[in-house]
Structures are given as C-alpha cells and as structure tokens.
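The values are calculated or read from the model by the stated rules, or taken from the named source; none is laboratory data. All values reported here derive from a predicted model rather than from experimental measurement. Note: ideal-geometry Cβ built from the backbone for every residue, glycine included; neighbour counts use all protein chains shown. Note: areas computed on protein heavy atoms with side chains; ligands, DNA, RNA excluded. Shrake-Rupley method; radii C 1.70, N 1.55, O 1.52, S 1.80 Å.
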Amino acid sequence: MHGRGASGGQRPLRFGLAGTGYWARTAHAPALASTDGIEFTAVWGRNQQATADLAAAYGASAHQDMAAFLADLDGVAFAVPPDVQVPLAARAAAAGKHLLLEKPIATSPAGADILVSAVERARVASVVFFTARFQADVRAWLADVTARGGWAGGASAWLGTALQESSPFNTPWRRDKGALWDLAPHAVSLLWASLGPVTSVLADAGPADVSHLVLHHDGGASSTVTVTLSATEAAGFFELYLWGAAGRSAAPGEGGEPVIPLRAALTELAANARSGQAAHACDVRFGRDVGRVLADAQRQLDARRGSGLGAP
C-alpha cells in the first residue's frame with residue numbers, strides 16, 4: 001500500500017486504479033503512489049496476472065470483481081479504453097466514488113451523457129486528465145494568452161506515432177478510433193481554453209487516420225487542427241500557436257513525464273472531493289463538451305468517406 005498522508009490531520013483519501021496496461025503502469029500507478037493526501041490501495045483489471053502483478057508492486061489489493069474493488073475506496077483513477085471507462089466510471093460514481101477520468105471520456109455523445117448524469121446524480125467530484133492542462137508551463141502560457149487577449153485564431157498539428165508497431169500505445173481502441181479521438185481532444189481542449197468555447201466544427205479526412213478540423217470559437221476566433229497517429233518517428237511533430245495583431249504565441253509541448261501533471265490532477269480532484277466542490281475546469285462536463293465537438297467531426301468524416309469525397 002503506497003501513498004502520502006494528508007496535512008492538517010486529515011486521513012488520506014483511498015484511491016483505486018482501474019486498468020493495468022502501459023499507461024496504468026507508467027503514469028497512473030506511480031502518480032497515485034506519490035501524491036500527497038492520497039493512499040493507493042487497490043487495483044482492478046480484466047487480466048488476473050497483470051492485476052496481481054501491478055497490485056503487488058505497490059502493496060495494493062488486486063481485484064477482478066468491481067463491487068469488491070469499490071467497497072473501501074474514496075476515488076478511482078481510470079486507465080482503460082473509453083468504451084470500457086463509461087460503464088465502470090458510471091458504476092463508481094453511483095457508489096459515491098470521485099473520478100479521475102481519461103480522455104476521451106467516451107466515444108459517443110450518449111456515453112458521455114451517461115457519465116455526466118451519473119456524476120451529477122451522485123454529486124461526486126470529477127477531473128478529466130487532459131495532460132497539458134495540468135502542466136505548469138502550459139498553465140502559465142494559458143494565463144498569459146488569456147490575459148493579453150486579442151487573438152484572431154490558432155492552429156495545431158500533432159503528428160503522432162502511436163500506430164507504429166513498436167509503440168506501446170498501439171492498442172485496439174486507437175487503431176479503431178484514430179487520432180481524432182486520441183490526440184484531437186488535447187488540441188481542442190487547449191484551443192477552447194485559449195480562444196473560447198468551440199461553437200462549431202468543420203471536418204475533413206486525409207489518408208489513414210489523418211483528420212483536419214476547422215473550429216469556430218465563441219467571440220469570433222477560428223482555429224485549425226490536424227492530427228494523425230500514423231506518422232513515422234522521423235515525421236513525429238507537435239505545435240500549437242495563437243496569432244493576432246500582436247504576433248504569435250506558441251504553447252509549450254506536452255512534457256515527457258506524465259506523472260507530474262497527473263499528480264496535479266489528482267491533487268485538485270482530492271481537494272474538490274474534500275471540500276464538496278464538484279466543478280473543475282476539466283471536469284466531466286468539459287469532457288462531454290469536447291466529445292461533442294469530436295462526435296460532430298466524426299459524423300462529417302464518416303459522411304465524406306461514405307460518399308467517396310474523403311481520402312481512402
């Protein structure tokens with residue numbers, strides 16, 4: 001059992017981890033074990049051996065039965081595919097557990113609505129781990145650009161390599177859903193936070209899983225997003241910038257160490273759980289809002305591919 005005690009005489013909040021894959025092992029488990037005020041006590045997984053191994057590494061209990069897993073927890077961190085996350089997280093919320101969710105929270109509006117309804121009925125706290133939104137350097141950049149204002153637009157390109165055979169992120173759900181659902185949530189989240197809420201999206205498809213989005217923001221700005229998971233290592237690339245009369249401002253890239261921003265997300269979730277505060281800038285409702293943009297884009301991409309207008 002790993003964790004760090006809470007200050008002020010409060011007991012640490014007991015958290016469990018749902019998932020045993022690469023991201024669970026390299027990001028969630030070490031973050032849970034090293035966040036002040038949180039005690040990492042349980043692991044749930046579908047693979048019995050992987051669950052036992054991960055739990056043993058942190059002195060946590062191993063579970064394949066969800067009811068037993070949830071019994072003694074205050075919160076759950078999820079590191080499972082989105083279509084698995086929806087029913088599990090809804091069940092956890094109904095049991096009164098606070099939620100650290102992965103993006104996308106779901107891959108359909110109906111799934112996202114189920115999660116939001118479950119969280120609101122149970123009045124639990126929720127945070128969606130849009131990685132960059134919890135990086136100190138990105139937060140400083142967002143504070144600067146929102147204070148300055150006057151931006152006409154923005155642009156982002158993320159040429160990811162997750163579908164390379166050697167990538168640990170080459171997983172079935174990413175092969176099925178592509179970069180629109182894996183990388184675009186991060187870009188949409190940052191552009192939303194810097195230019196204002198997204199009011200509409202236009203989408204077109206390139207080859208493989210390449211997706212191009214044009215976003216229109218409340219207030220009149222517009223932005224573009226291009227994403228793929230099919231880039232080679234040589235082509236891998238990320239950029240996101242805003243532009244206006246005063247010039248350009250580029251956002252910092254995602255750091256190579258996810259445990260640090262994940263600790264920040266967990267710390268803020270725990271603080272909300274203790275105070276009874278449900279709202280957060282990256283809560284389940286914001287996750288649903290981003291998902292609605294992606295679902296609209298997916299509908300357009302499917303229509304274009306079906307009509308033969310999109311790239312093969």
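For this structure, a couple of remarks:
- Gaussian network model of the chain, Cα within-10 Å springs - most flexible of 145, 293, 124: 145
- Think of each Lys and Arg Cβ as +1 and each Asp and Glu Cβ as -1; about the Cα centre, that makes the dipole of the chain roughly 460 debye.
- In order along the stretch 147-156, the phi-based Karplus estimate (6.51 cos²θ - 1.76 cosθ + 1.60, θ = phi - 60°) of 3J(HN,Hα) comes to 5, 6, x, x, 7, 7, x, x, 8, 9 Hz; Gly and Pro are listed as x.
- Across the chain, the longest piece that holds none of the trypsin sites (Lys or Arg not before Pro) lying in DSSP loops with up to 14 other C-beta atoms within 10 Å covers 124-312.
- Normalised by 2.2 N^0.38 Å, where N is the number of residues, the C-alpha radius of gyration of the stretch 19-80 stands at 0.99.
- Under the Karplus curve 6.51 cos²θ - 1.76 cosθ + 1.60, θ = phi - 60°, whole-Hz ³J(HN,Hα) for the stretch 127-138, x wherever Gly or Pro sits: 9, 9, 7, 7, 3, 5, 5, 10, 7, 4, 5, 5
- DSSP beta bridges in the chain [antiparallel fraction, %, rounded to 5]: 50 percent
- Share of Cα-Cα pairs in the stretch 52-195 lying beyond 24 Å, as whole percent: 45 percent
- The stretch 67-219 - charge dipole about Cα centre, Lys and Arg +1 at Cβ, Asp and Glu -1, debye rounded to 20: 240 debye
- Farthest towards the positive end of the charge dipole of the stretch 153-248, among the residues 234, 197, 207, is the Cα of 197, using unit charges on the Cβ of Lys, Arg, Asp and Glu.
- For the stretch 160-239, GluC sites (Glu not before Pro) are listed when DSSP marks them as loop and at most 10 other Cβ atoms sit within 10 Å of their Cβ; the list is 165, 233.
- Calculated Rg and Dmax of the stretch 119-238 using C-alpha coordinates, Å: 15.8, 48
- Accessible surface calculations at 1.4 Å, restricted to protein heavy atoms, place the chain at 41 Å² per residue.
- 5 angstrom amide H check on residue 152, placed H, neighbours 5+ away: 243, 244, 245
- Once you divide the Cα radius of gyration of the stretch 249-312 by 2.2 N^0.38 Å, the number left is 1.69.
- Taken along its principal axes, the alpha carbon cloud of the stretch 185-249 reaches lengths of 36, 24, 17 Å, longest axis first.
- In degrees, nearest ten, helix 82-94 long axis to first principal axis of the chain (Cα): 50 degrees
- Span from the the stretch 112-152 Cα centroid across to the the stretch 241-286 one, whole angstrom: 5 Å
- With every protein chain in place, the chain: carbon and sulfur % of accessible area (1.4 Å): 53 percent
- Helix-only CD estimate at 222 nm, as mean residue ellipticity for the chain, using -39500 (n - 2.57) per DSSP H run (n ≥ 4): -12000 deg cm²/dmol
- Computed about its Cα centre, the charge dipole of the stretch 29-117 is approximately 180 debye, with only Lys, Arg, Asp and Glu carrying charge at their Cβ.
- Positive dipole terminus of the stretch 1-139, leading residue within 90, 136, 26 (C-beta point charges): 136
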